[in-house]
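Some notes on the structure that comes next.
The values are calculated or read from the model by the stated rules, or taken from the named source; none is laboratory data. Treat the numbers as computed from the prediction; the structure is a model and nothing was measured. Cβ sites come from the backbone with ideal geometry, for glycine too, and all protein chains shown count toward neighbours.
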Amino acid sequence: MSGIHEFIDNEVKTNDVVLFMKGTPQFPQCGFSGQVVQILDYIGVDYKGINVLADADLRQGIKDYSNWPTIPQLYVKGEFVGGCDIVREMFQAGELQSHLEAQGIAVKGAVA
Amino acid sequence: MSLTDTIEKKLIEAFHPERLAVINESHMHAGHQPGFDGGGETHLRVRIVSSAFTGMSRVARHRAINDLLKPELDAGLHALAVEPAAPGEPTRW
């Protein structure tokens, strides 16, 4: 399991925006993951989607890493931001865009 | 007692909510996996307004609820959507 922890740690620290999800951004396999993909695509931020269904250790490991029981999980600059409900609330309040911009991450899409 | 009732009881005891709704949305997810008919209690939504959440961040509110319901999540509750609010904050229900 320590190998999984290191894999996750490396992914969230070497990529500005990482979404651990079920399926891929091109083909989400869960409605909650799909909602976050739509939000990230809408605001036009570059992100890396990682499919937890591809690896059972990863699927459990990401829950242990953040002490968060559900998927999807969004990370910005190595920091856990939230799951589907929190990402949607932040987006609707305009806070997701401002959080990204405050971290120096380009938001290219529609302005809130 | 159904899982929905159990969770409702635990939330009332822990947070003394002003408003609370625990909704079974499992039927809305029927067919999203082979062999899953949506007939059980796998996908729940918690809507809760409590003064316990005043001053807490979004993540902290979710963590408080997730921690309380850890036994249910470990026992196979597949999806838990959470809409927490403190009194006076906007709600959509």
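Of the residues making up the range A:35-51, those that are farther than 10 Å from A:L19 by Cα and of a type in the set (A, V, I, L, M) are A:I39, A:I43, A:V45. The numbered conditions (1) surrounded by 21 or more Cβ atoms within 10 Å (Cβ to Cβ); (2) without any contact (Cβ under 8 Å) to a residue 24 or more places away in the chain are all true for A:G83 except (2).
Among the criteria (1) away from chain B (no Cβ under 11 Å); (2) surrounded by fewer than 18 Cβ atoms within 10 Å (Cβ to Cβ); (3) touching a residue at least 24 places away in the same chain (Cβ under 8 Å), the one A:Q29 does not fulfil is (1).
Quick one: which of A:I43, A:I86, A:I50 is modelled with pLDDT of 95 or more, under 12 Å from the mean Cα position of the chain (by Cα) and within 30 Å of B:T91 (Cβ to Cβ)? Explain how you work it out, then say what you get.
Details: A:I43 fails: under 12 Å from the mean Cα position of the chain (by Cα); A:I50 fails: within 30 Å of B:T91 (Cβ to Cβ).
Result of the check over A:I43, A:I86, A:I50: A:I86.
Number of residues in the range B:49-77 that are within 12 Å of chain A (Cβ to nearest Cβ) and closer than 25 Å to B:T91 by Cβ: the value is 15. Inclusion of B:A86 among residues that are within 9 Å of another protein chain (Cβ to nearest Cβ) and among the small types (G, A, S) is not warranted.
Pairs linking a residue in the range B:16-29 that is closer than 17 Å to B:L77 by Cα and within 14 Å of chain A (Cβ to nearest Cβ) to a residue that is of a type in the set (G, A, S) and part of a helix (DSSP H, G or I), with Cβ atoms under 9 Å and 6 or more positions apart or on different chains, are B:M28/A:G31; B:H29/A:G31. Does at least one position in the range B:67-82 carry a residue that is under 20 Å from A:S33 (Cα atoms) and of a type in the set (D, E)? Within the range B:67-82, none of the residues are under 20 Å from A:S33 (Cα atoms) and of a type in the set (D, E).
Let's see how each residue does on (1) aromatic (F, W, Y); (2) more than 20 Å from A:C30 (Cβ to Cβ):
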site	(1), (2)
A:R59	no, no
A:Y75	yes, no
A:V81	no, no
A:L100	no, yes
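Counting only residues that are free of Cβ contacts under 8 Å to residues at least 12 places away in the same chain and exposed (fewer than 13 other Cβ atoms within 10 Å of the Cβ), which one in the range B:34-48 is farthest from the other protein chains (Cβ to nearest Cβ)? Working first, answer last.
At the first step, the residues of the range B:34-48 found to be free of Cβ contacts under 8 Å to residues at least 12 places away in the same chain are B:34-37.
Next, from what is left, pick out any that are exposed (fewer than 13 other Cβ atoms within 10 Å of the Cβ): B:34-35, B:37.
Details: B:P34: 12, B:G35: 15, B:D37: 17 Å.
Per the stated criteria, the residue is B:D37.
Only residues that are hydrophobic (A, V, I, L, M, F, W, C), surrounded by 13 or more Cβ atoms within 10 Å (Cβ to Cβ) and more than 19 Å from A:G104 (Cα to Cα): list them for the range A:39-54, please.
Step one: of the range A:39-54, the residues hydrophobic (A, V, I, L, M, F, W, C) are A:39-40, A:43, A:45, A:50, A:52-54.
Remaining after also requiring surrounded by 13 or more Cβ atoms within 10 Å (Cβ to Cβ): A:39-40, A:43, A:45, A:50, A:52-53.
Answer for the range A:39-54, where residues must be hydrophobic (A, V, I, L, M, F, W, C), surrounded by 13 or more Cβ atoms within 10 Å (Cβ to Cβ) and more than 19 Å from A:G104 (Cα to Cα): A:I50, A:V52, A:L53.
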